[in-house]
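One structure below.
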Amino acid sequence: MTDVSTPYDLWFDPNEVGGDLLVECWISHGPRAEDAAFDPHPGDEVSVSDEEDAPLRARVVQRDGDRVWVQLRVTSHTDAVAS
């Protein structure tokens, strides 16, 4: 297991990520559960982690109370080199 020392907004289960890179997160299960100022809305950028790998960027696509659906922004090594 890798120690994730970089802060992130939401925790996600990597086994639940779909082919469209959408995943459901629960604010109450993440590191910002007690942060009253954390109020993600569709279109917002957040960071997500599975607590084993470095945080990823994601875009909020839907929210229903404590549940937040995000689309992961994953870049390939080729994309990173081309940039």
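The values are calculated or read from the model by the stated rules, or taken from the named source; none is laboratory data. These numbers come from a predicted model, not from an experiment. Positions of Cβ are backbone-derived with ideal geometry, glycine not excepted, and every protein chain shown enters the neighbour counts.
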Run Asp79 past the list (1) assigned to a loop (DSSP other than H, G, I, E, B); (2) surrounded by fewer than 10 Cβ atoms within 10 Å (Cβ to Cβ); (3) modelled with pLDDT under 95 and report the number of the one that doesn't hold. (1)
Here the residues within region 1-60 that are under 19 Å from Thr75 (Cα atoms) and hydroxyl-bearing (Ser, Thr, Tyr) are Thr6, Tyr8, Ser47, Ser49
Are any residues in region 1-32 in contact with a helix residue (DSSP H, G or I) (Cβ under 7 Å, 6 or more places away or on another chain) and either closer than 12 Å to Ala54 by Cα or at pLDDT below 95 (or both), and if so, which ones? Trp11
Would you please list the contacts, defined by Cβ atoms under 7 Å and residues six or more apart or on different chains, that run from a residue in region 35-60 that is on the phi > 0 side of the Ramachandran plot and touching a residue at least 12 places away in the same chain (Cβ under 8 Å) to a residue that is of a type in the set (Phe, Trp, Tyr) and buried (at least 17 other Cβ atoms within 10 Å of the Cβ)? Glu51/Trp11
